[in-house]
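Following: one structure in structure tokens, then a few remarks.
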Amino acid sequence: MPYIYTSDWHVTKETVFPKAFSETVDGIREMRIRGAGRIARSASKALAALAESYGGSDFSEMAEFLHDGAKLLLSTRPTAVSLKNGILFTLAGAKEDGVKNVGDYRKSVVGASEWFCEKSVSAIDAIAKHGSGLLCDGSTVLTHCNSSVAVSTIARANEMYDGIRAFATETRPWNQGHITARELASSGVDVNMIVDSAARHIMEREGVDAVFVGADTICMDGTVANKVGTSQIALAAMDLGIPFYVCGEFYKFSPDIKSGSYVVVEERGASEIADPFKFPGVKFKNPVFDLTPARNITSIITEDGAIRAEKVAGFVKRKFSRVMGFEM
Ligand code: RI2
């Protein structure tokens, strides 16, 4: 295993962080900053700013400061591996290169953050290109939640072809589908918003040709953790013979999560579902992600092209060893 995945992130003392850093941490935790890609880039930029804010000259102290910051960021959203990968890609390079002084460390972290943010954004464009190529004039698609890469894919298809139609689930309880519907509409896509439970019916009656969703974590066995409800849509798509595509940039893959049973599924508060005081005696359960097995996924569209979900392990081995320069 590469050392970065066995790193022991720990807070060794009470650390005081700059206000802007704490605002990013709170923003991710409270979902003002959301979407697997955005939280990864925000965390990476926050660490770069933290490196720049360190005013001392003690390398070990700076390393501890950044690792305490990383630990705090990691605690905000437990499911999306994008967050962990964004942090690791930002901090790991310096250790790889044996950096030992404050100035070089700062440069390394800032440079790695710029590299990661640029690569993660260009991956979205590449996936949109590959994904839109799977559609044609008159295609009808369905998407769930708000994935920047799924939205970009549909918007690009709309630029390339005539008569593209989209259905966006509202995505309870946070209604991220409202964002999707607005984004697609402002890109000129003919979009309908539907309630989540209408997905199967719409797929069948409206002639949906393909489903595109994003990913929060892609396990080595091809299981995909994404917004709760995704796995039911995948099942319905399979039942109806409709291709189900997951859009996944390199940092949505997790080399150290073998299968879905190892994914920590975030559970959020009852008040996101309803006002608990209006339901005396009722308990609430609010898992915000679910797990779609590889067998229900047609393919995972990466920046390098589409791969079969069952082939994730080989892709990760090639991709991560090329990007990070280490053996798995
Ligand atoms: P992009 C979101 O999580 C959704 O699950 C979405 O599919 C995923 O992140 C990927 O988003 P949340 O933060 O990186 O809304 O494709 O809980 O934008």
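The values are calculated or read from the model by the stated rules, or taken from the named source; none is laboratory data. In this text, all values refer to a predicted model and were calculated from it rather than measured experimentally. Here the Cβ positions follow ideal geometry from the backbone for every residue, glycine too, while neighbour counts run over all protein chains shown. Just so you know, the surface numbers come from the protein's heavy atoms only, side chains and all, with ligands and any DNA or RNA stripped out. Shrake-Rupley method; radii C 1.70, N 1.55, O 1.52, S 1.80 Å.
Of all residues in the stretch 234-252, which are in contact (Cβ under 8 Å) with a residue 40 or more places away in the chain and either among the small types (Gly, Ala, Ser) or within 13 Å of the ligand (Cβ to nearest atom) (or both)?
Listed by number, the residues that qualify are ALA234, ALA237, TYR245, VAL246, CYS247, GLY248, GLU249, PHE250, TYR251, LYS252.
For the stretch 251-274, how many residues are under 13 Å from ALA80 (Cα atoms) and outside any loop (DSSP other than H, G, I, E, B)?
The qualifying residues number 6.
Scan the stretch 27-67 for residues that are over 16 Å from ILE87 (Cα atoms), touching a residue at least 24 places away in the same chain (Cβ under 8 Å) and assigned to a helix (DSSP H, G or I) and jot them down.
SER53, PHE59
Conditions (1) at pLDDT below 95; (2) closer than 26 Å to PHE253 by Cα; (3) within 16 Å of the ligand (Cβ to nearest atom), marked per residue:
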site: ALA155; (1), (2), (3): no, yes, yes
site: MET160; (1), (2), (3): no, no, no
site: ALA185; (1), (2), (3): no, no, no
site: GLY188; (1), (2), (3): no, no, no
site: ALA199; (1), (2), (3): no, no, yes
site: GLU206; (1), (2), (3): no, no, no
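Condition check: in a loop (DSSP other than H, G, I, E, B), open to solvent by 10 Å² or more (accessible area, probe 1.4 Å) and away from the ligand (no atom under 15 Å from the Cβ). Does GLY111 satisfy that?
Numbers: in a loop (DSSP other than H, G, I, E, B): no; open to solvent by 10 Å² or more (accessible area, probe 1.4 Å): yes; away from the ligand (no atom under 15 Å from the Cβ): yes.
When the stated conditions are applied, GLY111 does not pass them.
In this structure, is LEU83 open to solvent by less than 20 Å² (accessible area, probe 1.4 Å), part of a helix (DSSP H, G or I) and not assigned by TED's automatic domain parsing to the domain that holds VAL246?
Working: open to solvent by less than 20 Å² (accessible area, probe 1.4 Å): yes; part of a helix (DSSP H, G or I): yes; not assigned by TED's automatic domain parsing to the domain that holds VAL246: yes.
Considered against the rule, which asks whether it is open to solvent by less than 20 Å² (accessible area, probe 1.4 Å), part of a helix (DSSP H, G or I) and not assigned by TED's automatic domain parsing to the domain that holds VAL246, LEU83 comes out as yes.
Report, by residue number, each residue of the stretch 53-74 that is within 16 Å of the ligand (Cβ to nearest atom) and open to solvent by 60 Å² or more (accessible area, probe 1.4 Å).
We begin by selecting, within the stretch 53-74, every residue within 16 Å of the ligand (Cβ to nearest atom); these are 73-74.
Residues satisfying the conditions do not exist here.
Residues that are hydrophobic (A, V, I, L, M, F, W, C) and within 16 Å of the chain's Cα centre (by Cα), at least 3 per element: which helices (runs of 4 or more DSSP H) completely within the stretch 148-242 meet that?
Working: elements: 148-160, 176-186, 199-205, 230-240.
Because the criterion is at least 3 residues that are hydrophobic (A, V, I, L, M, F, W, C) and within 16 Å of the chain's Cα centre (by Cα), the helices (runs of 4 or more DSSP H) in the stretch 148-242 that meet it are 148-160.
Restrict the check to the stretch 235-252 and report whether at least one residue is in contact with a Cys (Cβ under 8 Å, 6 or more places away or on another chain) and open to solvent by less than 60 Å² (accessible area, probe 1.4 Å).
As a first pass, look at the stretch 235-252 and keep what is in contact with a Cys (Cβ under 8 Å, 6 or more places away or on another chain): none.
Within the stretch 235-252, not a single residue is in contact with a Cys (Cβ under 8 Å, 6 or more places away or on another chain) and open to solvent by less than 60 Å² (accessible area, probe 1.4 Å).
Can you tell me which residue among SER299, SER231, SER261, SER271 is at pLDDT 95 or above, within 14 Å of the ligand (Cβ to nearest atom), of a type in the set (Gly, Ala, Ser) and not assigned by TED's automatic domain parsing to the domain that holds LYS119?
On the way: SER299 fails: within 14 Å of the ligand (Cβ to nearest atom); SER261 fails: within 14 Å of the ligand (Cβ to nearest atom); SER271 fails: within 14 Å of the ligand (Cβ to nearest atom).
Exactly one of SER299, SER231, SER261, SER271 is at pLDDT 95 or above, within 14 Å of the ligand (Cβ to nearest atom), of a type in the set (Gly, Ala, Ser) and not assigned by TED's automatic domain parsing to the domain that holds LYS119, namely SER231.
Please list, ordered by first then second residue, the pairs with beta carbon atoms under 6 Å, 6 or more apart or interchain, first in the stretch 186-212 and of a type outside the set (Gly, Ala, Ser), second part of a loop (DSSP other than H, G, I, E, B).
MET193/GLU170; VAL195/GLU170; ASP196/ARG172; ASP196/GLY229; MET203/ILE242; VAL208/ILE242; ASP209/SER139
Taking into account only those residues within the stretch 116-147 that are in contact with a strand residue (DSSP E or B) (Cβ under 9 Å, 6 or more places away or on another chain) and under 30 Å from GLY269 (Cβ atoms), which is farthest from the ligand (Cβ to nearest atom)? Full working, then the answer.
First pass over the stretch 116-147, keeping only residues in contact with a strand residue (DSSP E or B) (Cβ under 9 Å, 6 or more places away or on another chain): 123-124, 126-128, 130-131, 134-135, 138-147.
Narrowing further to those that are under 30 Å from GLY269 (Cβ atoms): 142-147.
Details: LEU142: 13, THR143: 9, HIS144: 7, CYS145: 4, ASN146: 6, SER147: 3 Å.
Ranking the candidates gives LEU142 first.
Tally up the residues in the stretch 93-108 that are of a type in the set (Phe, Trp, Tyr) and open to solvent by 20 Å² or more (accessible area, probe 1.4 Å), please. Talk me through it step by step, then tell me what you get.
At the first step, the residues of the stretch 93-108 found to be of a type in the set (Phe, Trp, Tyr) are 105.
With the extra rule that they be open to solvent by 20 Å² or more (accessible area, probe 1.4 Å), the set shrinks to none.
Qualifying residue count, the stretch 93-108: 0.
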